[in-house]
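Chemist: Here's a structure for you.
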Amino acid sequence: MKIKVGVVGSASGEIPSEILEKARELGRTLAMHECVIVTGACPGLPHEAVLGAKEIGCLAVGISPALSLDQHRDLYRSPWEEYDVIVYAGNTWRVCHRLRRG
């Protein structure tokens, strides 16, 4: 069974190129160790890690708050082409957030 590693981080804003490269290197390293990379299927640092991982052929899984690919792509404006699997959580994160707040 392969190890799954979640990668989270800034999804927007200005990110220096040297930080973007570090995220790609993280993805490459995960791929070299035959891990599965799991992200929020968002842009920014997590996506850079996916791009690095895919250079080596790593399996990439995204978990999106969208209800569908169309919503993921058009409403959230998030990447999809590099992912092998995207799970559409359909805004369930809002329910989880409310539960945590009591």
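Chemist: Do we have any residue at all in the stretch 2-24 that's of a type in the set (A, V, I, L, M, F, W, C) and either in contact (Cβ under 8 Å) with a residue 40 or more places away in the chain or in contact with a Lys or Arg (Cβ under 9 Å, 6 or more places away or on another chain) (or both)?
Modeler: yes
Chemist: Give me a count of the residues in the stretch 56-91 that are over 15 Å from Val38 (Cα atoms) and in a strand (DSSP E or B).
Modeler: 0
Chemist: Among the residues of the stretch 14-26, are any assigned to a loop (DSSP other than H, G, I, E, B) and touching a Leu at 6+ places or on another chain (Cβ under 8 Å)?
Modeler: yes
Chemist: Here's a follow-up. Given the structure, is Glu25 acidic (Asp, Glu), more than 22 Å from Ser64 (Cα to Cα) and surrounded by 12 or more Cβ atoms within 10 Å (Cβ to Cβ)?
Modeler: For Glu25, the condition - acidic (Asp, Glu), more than 22 Å from Ser64 (Cα to Cα) and surrounded by 12 or more Cβ atoms within 10 Å (Cβ to Cβ) - is met.
Chemist: Sticking with this one: Restricting to the stretch 1-46, give me the number of residues that are of a type in the set (S, T, N, Q) and under 9 Å from the mean Cα position of the chain (by Cα).
Modeler: The number of residues fulfilling the criteria is 1.
Chemist: Pick from the stretch 28-55 the residues that are on the phi > 0 side of the Ramachandran plot and either assigned to a helix (DSSP H, G or I) or not acidic (Asp, Glu) (or both): which of them is most open to solvent (accessible area, probe 1.4 Å)?
Modeler: Looking at the filtered set, the residue picked out is Gly44.
The values are calculated or read from the model by the stated rules, or taken from the named source; none is laboratory data. From a predicted model like this one, the values you see are computed outputs, not experimental measurements. Note: ideal-geometry Cβ built from the backbone for every residue, glycine included; neighbour counts use all protein chains shown. Heads up: the accessible areas ignore ligands, DNA and RNA and are worked out on the full protein's heavy atoms, side chains in. Shrake-Rupley method; radii C 1.70, N 1.55, O 1.52, S 1.80 Å.
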